[in-house]
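The values are calculated or read from the model by the stated rules, or taken from the named source; none is laboratory data. Please read all numbers here as calculations on a predicted model, not as lab measurements. For neighbour counting, all protein chains shown are included, and Cβ atoms are generated from backbone atoms with ideal geometry for every residue, glycine included. Side chains included, ligands, DNA and RNA excluded: accessible areas come from the protein's heavy atoms. Shrake-Rupley method; radii C 1.70, N 1.55, O 1.52, S 1.80 Å.
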Amino acid sequence: MPRESLPLVVDDLSTVAKSLRAQLLKHESPQPPGHQTLLNMLARAAGHRNLQTLQARPPSPPTAPMPVAAPHSDIVRRTLNLFDTQGRLQRLPAKRSLQLLALWGLWMRFDAKRPYREREVNQILTAWHGFGDYCTLRRDLVTQRLMARTPDSSVYTKLPARPNADAIALMRALRQRAQ
């Protein structure tokens, strides 16, 4: 079975744990439950009928861009329009200046105090963009010296960088959207 990213939003982790425990106690086989059974139990604990209904849920509807306050420059306003109301980058623009500014919105999602494995970088980028090309984003973060990677590309670190005024305005606006 190919690996696919499947977001599982849980409002109350304690309730999920209790439900999962109850399902495991009801499991009548002397053997531990199999892979598919465990996946179905997890989906049920999160409030879905089974794994298939979790996978078949409709994608979240596209959200209209939030109106932006007037003090932002034109490039910041155009870049903000690339992000949805949750702060996810919805598309990569063709114009390079907008791409470079949008990278700051992704750069701010990483913690400077820890190293990341490539898989973790991919997961974070996947969570914060909606067009499915985390490879290009990861490469651009390294090329623009916002992140560094080891020669074998196994470990990534966030580099200290000085954002310009437009990047600061963009990151501030994205933080306000998240609140």
Between 0 and 90 degrees, rounded to the nearest ten: what's the tilt of helix 118-127 against the longest Cα principal axis of the chain? 80 degrees
Listed residues R149, R117, R177 arranged by accessible area, highest first, probe 1.4 Å: R117, R149, R177
Residues meeting the amide H criterion for H129 (H placed from the backbone, H to H distance under 5 Å, 5 or more places apart or on another chain) are L89
Hey, which lysines would be in cross-link range of K113, C-alpha to C-alpha under 17 Å, not counting anything within fewer than 8 residues on its own chain? K158
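Apply 1/(1 + (r/R0)^6) to the Cβ-Cβ distance of L13 and R91, taking R0 = 35 Å, and write down the FRET efficiency to the nearest 0.05.
0.60
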Exposure rank, largest accessible area first [L82, L24, L13, L100; 1.4 Å]: L13, L24, L100, L82
For log10 I(q)/I(0) by the Debye sum over Cα atoms at q = 0.11, 0.12, 0.14 Å⁻¹, the listed values are (1) -0.41, -0.49, -0.68; (2) -0.62, -0.72, -0.89; (3) -0.53, -0.62, -0.81; which was obtained by calculation from the structure presented? (2)
How much length, in nm to one decimal, is gained on full extension between T150 and A127, taken as 0.36 nm per residue of separation minus their Cα-Cα distance? 6.0 nm
Given the Cα-Cα distance of S73 and R172 and 0.36 nm per residue of separation, how much length would full extension add, in nm? 34.3 nm
So what's the back-of-envelope 222 nm ellipticity for the chain, counting only DSSP H runs of four-plus at -39500 (n - 2.57) apiece and dividing by all residues, rounded to 500? -14000 deg cm²/dmol
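With a 1.4 Å probe and all protein chains kept in place, how do H35, H48 rank by accessible area, largest first?
Largest accessible area first, the list is H35, H48.
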Nearest 10 degrees, 0 to 90: what angle lies between the long axis of helix 35-45 and the longest principal axis of the chain (Cα atoms)? 70 degrees
Full-extension gain in nm, L25 to T53, via 0.36 nm per residue minus C-alpha separation: 7.8 nm
With Cα coordinates, the longest principal axis of the chain makes an angle with the long axis of helix 134-143, in degrees rounded to 10, of 40 degrees
